[in-house]
Amino acid sequence: MTTLRNCGTIQLPRQAFPPRHSITLLRHLALPVAGSFTPRLVSVRRRSGRRPILFVETDVPESVSMTDSNSIPSSAHPAYTEIVVVRHGETEWNADKRIQGHVDVDLNEVGRQQAALVADRLSKESKISAVYSSDLKRAFDTAQAIADRCGGIEVRALPQLSSTWASYFQVIKEPGLRERHLGDLQGLSLSEAAKGSPEAYEAFLSHKTSQDIPVCYMSITIFGVFLTLYWIVVYWKGGGESLDKLYERSTSSFQRIAAKHRGERVVVVSHGGTIRSLHKRACPSERPAKILNTSVHIFHISDVDEWTIKSWGDVSHLNQTGFLESGFGGDRTSG
């Protein structure tokens, strides 16, 4: 990898991109040769609805061996993948203690601030190779903040042209990282769920991991001919996942990501219930501490599929914003 230091800012041509969107090369990258140089903008490839790719070049002596040995080192080892797991930022439904499940709820203002802070924190740590996210907006928007802050410009060598190219991280959506589907309970507070859908609520709180959230229905009785009693059963909304189903899909997604990025450090943004399942896979006999919004959890997944938790529940980056001590959705009522 060709690496650069203190190259300042590339200002895109007005016709290519709005000038306010200047792009700064990562300052933690370094070219292993004395002196300084300036990259030249060769071209811009515009892409509909996406950030452009910048093509830059610079003269590099043939005697120089290209390396990224002076870059911020990755903490990952070739024998394992380091996955930094982050819970999404706060939403209004978190603050109101409403069950979200698969309902696509946006981050609120606090959540956006939390996302910016965790992004800033991760940008100062070891190099990230990729950012994955649940496809629900609250997770994806948190992941996008991280990708924007940590991606900067990745500069790779094109030896045959003695040039470099630059691009942004793209958040990779992974539906398997979604929150647990909670059927009829989604959108309700716990008190509303207990009164309006008692069977589903009981299943939600059950310690039986194979227990699905049952389909809820409304029964109507009518009298027909000769006073025969008929029941009309009208089904509505539908059931949700058991903890076992959540465990299977979330750990499978996690394993696929780990296998794809062996020896690298990647970020995964997900949800309270999903992260609890990942903890169970790594530490089946332990109960996890509460999972607060934008809390950071670091896993190592070895090449023989051994899972180790290196740190859990770090929210030190939230000192400026604060967070909900109740952290609704971060315990066994996660949703």
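The values are calculated or read from the model by the stated rules, or taken from the named source; none is laboratory data. Computed from a predicted structure; not experimentally measured. Cβ: placed from backbone, ideal geometry, glycine included. Neighbour counts: every protein chain shown. Accessible surface areas use protein heavy atoms only, side chains included; no ligands, DNA or RNA. Shrake-Rupley method; radii C 1.70, N 1.55, O 1.52, S 1.80 Å.
Couplings for the range 267-279, taken from phi via the Karplus curve 6.51 cos²θ - 1.76 cosθ + 1.60 with θ = phi - 60°, read 10, 10, 10, 9, 10, x, x, 5, 5, 5, 5, 5, 4 Hz in order; Gly and Pro are left as x. For the set Val215, Val315, Val131, solvent exposure ranked by accessible area (probe 1.4 Å, protein chains only) runs largest to smallest as Val215, Val315, Val131.
Cross-link list Lys97/Lys127; Lys97/Lys124; Lys173/Lys280: which exceed 30 angstrom alpha carbon to alpha carbon? Those over the limit are Lys97/Lys127; Lys97/Lys124.
His77 contributes an accessible area of around 90 Å² to the protein surface, as traced by a 1.4 Å probe with all chains present.
Let me make sure I get this right: for the range 96-154, a, b and c are the square roots of the gyration tensor eigenvalues over alpha carbons, sorted descending. Under 1.5 in a/c it's rounded, otherwise prolate if a/b > b/c, else oblate. Which is it?
It comes out prolate by the Cα gyration axes.
The Cβ shell under 13 Å around Ser134 holds other residues with a net charge of +2, Lys and Arg each +1, Asp and Glu each -1. Taking amide H positions as modeled 1.01 Å from N, with prolines and chain starts lacking one, the residues under 5 Å from Val268 and 5 or more places away or on another chain are Val84, Val85, Val86, Tyr132.
Solvent-accessible area of Tyr201, all protein chains in place: 50 Å² (probe radius 1.4 Å, heavy atoms, ligands and nucleic acids excluded).
In the complete set of protein chains, residue-level accessible area for Leu117 is approximately 30 Å², probe 1.4 angstrom.
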